Amino acid sequence: MKRAIRIQSILVLMLGMVLWQAIPNCYGQAGLPDPTVPTSPTSPAGNFPGGTSPGSSTATNWLRLNGDVGINTSDPKSRLHVAGGDVYVENIGSGVILRSPNGYCWRVTVDNSGNFVRTQIACPGDPPLASNQLVLQPGPGDGQDGYTNTFSTTALGGGPGMAVGSWTTNNGNPVLYQSYLRFNLTAIPATARIDSAFLTLTYYQGWFSEPNVGNNPVYVQKVTSNWDQATLTYDTRPTSTTVGQMAVASAESFPGIYRKLNVKSFVADMVANPTTNFGITLRLQDEAPAPPYRDLLFSTSENPTPENRPKLVVYYSL
């Protein structure tokens, strides 16, 4: 029952947005006038459901577009409030589009028995879904990810987390952290067209005070030489290029920014040139010594929680 009520509420919201766009005489920054304000000579008094103008405190069957929308109520309690009626979606195959926590979109409809049917679709404003999808979220032994720092000469791959940041040791010595990761894309033919590609990184509560500290904008760069997490150190770190690098805003201001990074350009190049797929590196845009302190900690493919490991979703056409 709770699920049905939730879906009905979302259907109500969708209908409200359609009606909003359909009303031809909306005016003013806030939309239609408040019902407590007397009707002016320019008020669109005959163009509301039921023929009743909102220029009256006793009006019914009206829409108020100053933040909340009411149908058959002059006091909407939410973004869309329908009183004394149902919401009807007539077209077969139409429904409600919901965004899941991982950033994907699903159309919810019903079958002939009234059961909910969920179909993945392109989110509004995104390119159409490609005919092929590859989801990569490797685990221990399969993934290639790790980090380096300027303090340790020991290989730091193989742990549950990786760091990007500028910090200090207990003795106050500055330490710089950079992260590296690579996905096996050989399942995609080199001639394929990459329609979209999204990388998801999950924060890891590790050795810093928090996994997201300070003003920490990052560059994502293409790695241009080979490396292996088993031998990855700051001295053996691979080379990278600033050509085509992607600037990522500070997660301090946008903490959810790493849920869905658009890495299409990187993946397209790696698929078209598989022998030079050396992955990507993440590093601070400002690598000056701390303080101020700034860091990012992400889970790796060795993280004990499978859903927290780095994930790459690629849509492609042949």
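The values are calculated or read from the model by the stated rules, or taken from the named source; none is laboratory data. Not measured: the values here are computed from a predicted model. Here Cβ is always computed from backbone atoms with ideal geometry, including for glycine, and neighbour counts include all displayed protein chains. In case anyone asks, the SASA skips ligands and DNA or RNA and just uses the protein heavy atoms, side chains included. Shrake-Rupley method; radii C 1.70, N 1.55, O 1.52, S 1.80 Å.
Cβ-Cβ distances below 6 Å connect the following pairs, each with a first residue in region 184-210 that is open to solvent by 30 Å² or more (accessible area, probe 1.4 Å), a second residue that is of a type outside the set (Ser, Thr, Tyr) and part of a loop (DSSP other than H, G, I, E, B), and a separation of six or more residues or different chains: Phe198/Lys260; Tyr203/Pro211; Tyr204/Pro211; Gln205/Pro211. A count restricted to region 168-183 and to residues that are touching a strand residue (DSSP E or B) at 6+ places or on another chain (Cβ under 9 Å), of a type outside the set (A, V, I, L, M, F, W, C) and either farther than 15 Å from Thr231 by Cα or open to solvent by 10 Å² or more (accessible area, probe 1.4 Å) (or both) stands at 5. The set of residues in region 288-302 that are over 13 Å from Leu136 (Cβ atoms) and open to solvent by less than 10 Å² (accessible area, probe 1.4 Å) comprises Asp295, Leu296, Leu297, Phe298, Ser299, Thr300.
Report, by residue number, each residue of region 211-238 that is surrounded by fewer than 12 Cβ atoms within 10 Å (Cβ to Cβ) and among the acidic types (Asp, Glu). Listed by number, the list holds a single entry, Asp235.
Scanning region 186-214 for residues that are over 18 Å from Val313 (Cβ atoms), in a loop (DSSP other than H, G, I, E, B) and under 19 Å from the mean Cα position of the chain (by Cα) turns up Tyr204, Pro211. Reported count of residues in region 117-166, each being more than 22 Å from Tyr177 (Cβ to Cβ) and among the polar types (S, T, N, Q), is 6. For region 239-265, a tally of residues being crowded, with 17+ Cβ neighbours inside 10 Å and either among the hydroxyl-bearing types (Ser, Thr, Tyr) or touching a Lys or Arg at 6+ places or on another chain (Cβ under 6 Å) (or both) returns 3.
Here is a yes/no grid of residues against (1) modelled with pLDDT under 95; (2) more than 20 Å from Asp142 (Cα to Cα):
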{"residue": "Ile194", "(1), (2)": "yes, yes"}
{"residue": "Thr202", "(1), (2)": "no, no"}
{"residue": "Gly206", "(1), (2)": "yes, yes"}
{"residue": "Glu210", "(1), (2)": "yes, yes"}
{"residue": "Val213", "(1), (2)": "yes, yes"}
{"residue": "Pro217", "(1), (2)": "no, yes"}
{"residue": "Gln221", "(1), (2)": "no, yes"}
{"residue": "Trp227", "(1), (2)": "no, no"}
{"residue": "Pro238", "(1), (2)": "no, no"}
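In region 51-71, what count of residues is obtained for those that are at pLDDT 80 or above and either open to solvent by 70 Å² or more (accessible area, probe 1.4 Å) or closer than 30 Å to Gln120 by Cβ (or both)?
We begin by selecting, within region 51-71, every residue at pLDDT 80 or above; these are 68-71.
Next, from what is left, pick out any that are either open to solvent by 70 Å² or more (accessible area, probe 1.4 Å) or closer than 30 Å to Gln120 by Cβ (or both): 69.
Selection size over region 51-71: 1.
Considering only residues in region 98-156 that are within 16 Å of the chain's Cα centre (by Cα) and aromatic (Phe, Trp, Tyr), the one that is nearest to Lys311 (Cα to Cα) turns out to be Tyr104. Contact map, region 148-160: first residue surrounded by 16 or more Cβ atoms within 10 Å (Cβ to Cβ), second residue among the aliphatic types (A, V, I, L, M) and at pLDDT below 90, Cβ cut-off under 8 Å, separation 6 or more or different chains; pairs are Thr148/Leu156; Asn149/Leu156.
Hey, could you check region 266-287 for residues that are of a type in the set (Gly, Ala, Ser) and open to solvent by 10 Å² or more (accessible area, probe 1.4 Å) and say which is farthest from Ala197 (Cα to Cα)? Steps first, answer last, please.
Going through region 266-287, the residues of a type in the set (Gly, Ala, Ser) turn out to be 268, 272, 279.
Pick out the ones that are also open to solvent by 10 Å² or more (accessible area, probe 1.4 Å) and you get 268, 272.
Values: Ala268: 9, Ala272: 14 Å.
Filtering region 266-287 for residues that are of a type in the set (Gly, Ala, Ser) and open to solvent by 10 Å² or more (accessible area, probe 1.4 Å), the one farthest from Ala197 (Cα to Cα) comes out as Ala272.
For region 88-108, the tally of residues that are over 30 Å from Thr200 (Cα atoms) and surrounded by 10 or more Cβ atoms within 10 Å (Cβ to Cβ) stands at 1.
Pull up region 109-124, narrow it to residues that are within 23 Å of Val314 (Cα to Cα) and assigned to a strand (DSSP E or B), then point me to the one that is least open to solvent (accessible area, probe 1.4 Å). Per the criteria, the residue is Ile121. With respect to the conditions (1) modelled with pLDDT of 90 or more; (2) open to solvent by 30 Å² or more (accessible area, probe 1.4 Å); (3) in a strand (DSSP E or B); (4) not hydrophobic (A, V, I, L, M, F, W, C), Gly165 lacks only one, and its number is (2).
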